[in-house]
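The values are calculated or read from the model by the stated rules, or taken from the named source; none is laboratory data. Note that the coordinates shown come from a computational prediction; the quantities given were computed from them, not determined experimentally. Note that each Cβ is placed from the backbone with ideal geometry, even for glycine, and that neighbours are counted across all protein chains shown.
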Amino acid sequence: MTAARAILPALAAGLALVAAAGPGIEGRRELRDVLIVVDITRSMNVRDMDGASRLDAARDVLTRWIASQPCGARVGLGFFTERRSLTLIEPVEICTDYATLAGTLAGLDWRMAWEGDSMISKGLNHALNRARGLDAALIFVTDGQEAPPLPYSGPDGWREDSPGGVVLGAGGDQPAPIPKFDDLGRETGFYGPTDVQHAPARIGAPPTDAADRPGFHPRNNPYGEADLEGSEHLSAMRAEYLTRLAGERGMGFARLSAGPAALQATLAAHAPARRVATHRSLSPVFGALALAVLLAALLATPLHARKETP
Amino acid sequence: MIGFAWPPALFALPLLLLPLVIRWLRASAVPRLDLRAVEGRAVGPLLVALAMLAPAALILGLAQPYLRGGSTAYRGIGTNLVLLIDRSSSMDDTFAGRSPQGGDESKAAAARRILLDFIARRPDDRIGIAAFSTAPMLVLPMTESRTAIAAAVAALAEPGLSQTDVGRGLTLAMGMAHEASASDSRAVVLVSDGAAVIAPEVQTALRNLAARRQVNIYWLYLRTKGAKGIFEVPEPGQADTPHLRPERHLHIFLQSLGLPYHAFEADSPGAVEDAVTEIGRMESRPILTRRPVPRRDLAWACHLLASLCCAALAAARWLERRYAPRRPAPLLVPA
Amino acid sequence: MNAQLHLFDALAWRLTQGLPGLRMGAHAGRIRGAGESFADIAPLLAHPDPRRLDLRRSITDPLGVLHVRRFQTRTDLRLHVALDASASLGAVAHADRAGLARLLAAGFAQAARRARDPFSLTVCAGDRVLHDQPPTRRSLAADLLDLPLAPAGRGTAALEAMAHDLPQERILVVLISDFELSPDELAALLAALRPRPVLSVWLRDSGFDAPSPRLGLAELCDPETGRRRTVLTTPRWAARQAQLLRDRQAALRRILAEHGLSPIEITDSIDVAELAASLSEAPL
């Protein structure tokens, strides 16, 4: 008992010293570098995400998703309009540059678009190429509304290596009107049926069912009269179309409304991880041991000897 | 500010009250201490303090305290700099006006390389980046983070877009410079290889911005071979309209804003470098900026302190002795 | 231990002054009468006891007055043991002073029984009386050896209160104490006991007289007040402790001497022969 009383605190001192030295074991952590590309075309202004516009909802979910990523993961940011994406920031480490990423994400605006078109399959391919060049997976946020509508030949395919990633579908399932803005950015109402193009441009091969369309004439009107009316002035999320696009490109599909957790789960399933060695500190273990030994040392004094009274 | 990686450990802190109840050394009874004038009052409290400090430090170490990272303000030499970059597709050509071949360097690549050098030499600048083609784009909000700036400049390597709308780009850049700081110097560096007509309403907006707050404006004009210079006054009889000579008229417009304004015409990478160096020389003023402070782990210090305390306590146990050894003699002297 | 009680039979005490009292005992009484030791001669008229007629003196008396011899009567003396069992008695280094005190009490009980004197005992612990034995002639010695003695309390309040209740005469107070007292406290206690004859027995523990000079840390606890001190023990400190203690003991002896007392000092263990010797020499 007497020996223990002297040895225990010395042992505690040794354990605490080991804890201070910071021993650790090698661990592995999976990190996924990601290029986020956000569709900023006009249909993203539709306010059908619980009252918020699709773009605002995307900003919110993405900011929260970035905040939930482990340090060491790198995130880049770009946007999509017309037929290509434009990278604003190449992937940066999120813990160092979280504020910058959040600031740039907050600065994403439909006014940045240099063209009003929204050719999603082309843009997606461009973004995938860009992501592959940056050695990152792709998170592509869009509502799937092609403007102008897809040609009769269908969307562009993908025949290259895919870096993987997620197509994040923004918007609701019910078609909603698209806000209209003037030159100075003031909202001036909604797009009407006559403001938009409802069918592909009359170029390329005609649709196979053209013969059944009104006004069809093999020489004078090979496309028929199918583009006079439609619902392209309303926008809903084209989940089926986006799932198909994602599937062809080795990507997953998730809904923006499902939040950052669903995005993370889908990303984990569809993007390769970069394994990095991490240092897991054992200091807390040694510290806890030292504390236990110290308490034992404190209690090692026999009760009668703590207060010697006859 | 101190944070804890595992705050639940702090619930064990009441343990450090134990040494107030349980003494570290075993006591030996000595009658009438008051008549014995024993000195050394400080040793007892010191031991109690050590016995309290040791578990406290260990518990704190378990909670893994750290100094929150963040940034600290300091005075440096530099400026609040907004780089306004032309992303029109013509920037991807060389100064000779061709597509880059072999060892050629495009105007965009030269600008990127020289700007990265420039930024690397100026650690105190706060830098924001805006770009423009048909539409102005906020690329990077004002930041001190060198990695973010480098990533944003590197992203400029992507092929450019269609047209040039310099007016709206200037509006965005000047707005960013305005918001950057209320007191320190602000500068906008416009890097472009061309200009366009500025719409009248944009001109008004720019004049309003210029009247509100002072911003130094630099225009680094990357002049392609064969293009007209900004300082060239057309010979009499030649047309001199904004549509035919947009660069010259942008220069005149910027001069008319009443702000400190310098234009540089560069027709080779070397000239760009000279111009950038000159801008750097002019934009060296005291600036209140922020320096990132990395998060610093403090647990090791707690453990070290605990180790020292425990060692001292062990030494106390090792030195422990009674006032007099307890060896009672027999009651009766043996006959 | 029971077997060794007979050692204490040798203890005897004798007061310098005669005692008033009629009961037969072993001590010199103040009353003249029948007895063994000659006291003086008195006229027969004053002391009408013709059996002790002193013929020689009566014949030689010029006036023819008859004289009788008078003898000292023997009377008894109550032996009162006052045991100071304040908490300091429980501190043990080289002596089990509580055990010593218990054995001494039993020994005096044994001796009183031998001398056919009544014996009484008061055990005081600070301001409480732990045990109070009224005067008795029964043999208590063996019982006292098993007396539960738990030193406690501080000060001498109960001892002083006891002193006020004791009779003034025909009593010998044996004050057994470790004398862990300040000189003032001791003076007050002795003043309270006056004018009774007092035999002071000083239980000393040589371990507390001089702490060892080895370097170390000692946590000291005062059993009376519960006060604690942690001290760094050094040779210098030990020497100073020993010096202080010697000074205090000298002061206590001076106080005792002022009250005409010379303490019987028992250090660590009892040597009965020595005790008996010093007892016979003690000024009473």
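Worth a mention:
- Test: residue in segment C:169-176 that is among the basic types (Lys, Arg) and either at pLDDT 90 or above or touching a helix residue (DSSP H, G or I) at 6+ places or on another chain (Cβ under 9 Å) (or both): no
- Residue match in segment B:4-23 (condition: at negative phi, at the interface with chain C (Cβ under 9 Å from one of its Cβ atoms) and at pLDDT 85 or above): yes
Okay, residues lined up against (1) farther than 30 Å from A:Glu115 by Cα; (2) of a type in the set (D, E, K, R); (3) facing another protein chain (nearest Cβ under 9 Å); (4) in a helix (DSSP H, G or I):
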{"position": "A:Ala3", "(1), (2), (3), (4)": "yes, no, no, yes"}
{"position": "A:Ala10", "(1), (2), (3), (4)": "yes, no, yes, yes"}
{"position": "A:Ala20", "(1), (2), (3), (4)": "yes, no, yes, yes"}
{"position": "A:Glu26", "(1), (2), (3), (4)": "yes, yes, no, no"}
{"position": "A:Arg29", "(1), (2), (3), (4)": "yes, yes, no, no"}
{"position": "A:Leu55", "(1), (2), (3), (4)": "no, no, no, yes"}
{"position": "A:Ala58", "(1), (2), (3), (4)": "no, no, no, yes"}
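- Against the numbered list (1) modelled with pLDDT of 80 or more; (2) over 20 Å from the mean Cα position of the chain (by Cα), B:Ile77 comes up short only at (2).
- Close contacts from segment B:209-234, counting a first residue that is closer than 16 Å to B:Val82 by Cα and a second that is loosely packed, with under 12 Cβ neighbours inside 10 Å and at pLDDT 80 or above, with Cβ to Cβ under 9 Å and a gap of 6+ residues or different chains, come to B:Ala210/B:Gly258.
- Of the residues B:Ser183, B:Ser192, the single one that is surrounded by fewer than 24 Cβ atoms within 10 Å (Cβ to Cβ) and among the polar types (S, T, N, Q) is B:Ser183.
- Exclusive hit being within 35 Å of the chain's Cα centre (by Cα) and either of a type in the set (Gly, Ala, Ser) or on the phi > 0 side of the Ramachandran plot (or both), set B:Gly69, B:Gly103, B:Gly97, B:Gly44: B:Gly69
- Test: residue in segment B:220-235 that is closer than 16 Å to B:Asp165 by Cβ, among the hydroxyl-bearing types (Ser, Thr, Tyr) and either touching a helix residue (DSSP H, G or I) at 6+ places or on another chain (Cβ under 7 Å) or not in a helix (DSSP H, G or I) (or both): no
- Any hit, segment C:127-135, residues being touching a Phe, Trp or Tyr at 6+ places or on another chain (Cβ under 8 Å) and either surrounded by 24 or more Cβ atoms within 10 Å (Cβ to Cβ) or touching a residue at least 12 places away in the same chain (Cβ under 8 Å) (or both): yes
- Count of segment C:238-284 residues, restricted to those that are outside any helix (DSSP H, G or I) and either within 10 Å of chain B (Cβ to nearest Cβ) or in contact with a helix residue (DSSP H, G or I) (Cβ under 8 Å, 6 or more places away or on another chain) (or both), is 11.
- Scan of segment A:75-90 for residues that are touching a residue at least 40 places away in the same chain (Cβ under 8 Å) and buried (at least 24 other Cβ atoms within 10 Å of the Cβ), ordered by number: A:Val75, A:Gly76, A:Leu77, A:Gly78, A:Phe79, A:Phe80, A:Thr81, A:Ser85, A:Thr87, A:Glu90
- B:Ala306 being in a helix (DSSP H, G or I) and either within 14 Å of chain A (Cβ to nearest Cβ) or of a type in the set (Gly, Ala, Ser) (or both): yes
- Enumeration of residues in segment B:309-335 that are of a type outside the set (Phe, Trp, Tyr), assigned to a loop (DSSP other than H, G, I, E, B) and touching a residue at least 24 places away in the same chain (Cβ under 8 Å): B:Arg322, B:Ala324, B:Arg326
- Complete set of residues in segment C:60-84 that are of a type in the set (A, V, I, L, M, F, W, C) and either closer than 30 Å to C:Met162 by Cβ or assigned to a strand (DSSP E or B) (or both): C:Val68, C:Phe71, C:Leu77, C:Leu79, C:Val81, C:Ala82, C:Leu83
- All helices (runs of 4 or more DSSP H) inside segment B:110-214 with 1 or more residues being modelled with pLDDT of 80 or more and more than 10 Å from every other protein chain (Cβ to nearest Cβ): B:166-180, B:200-212
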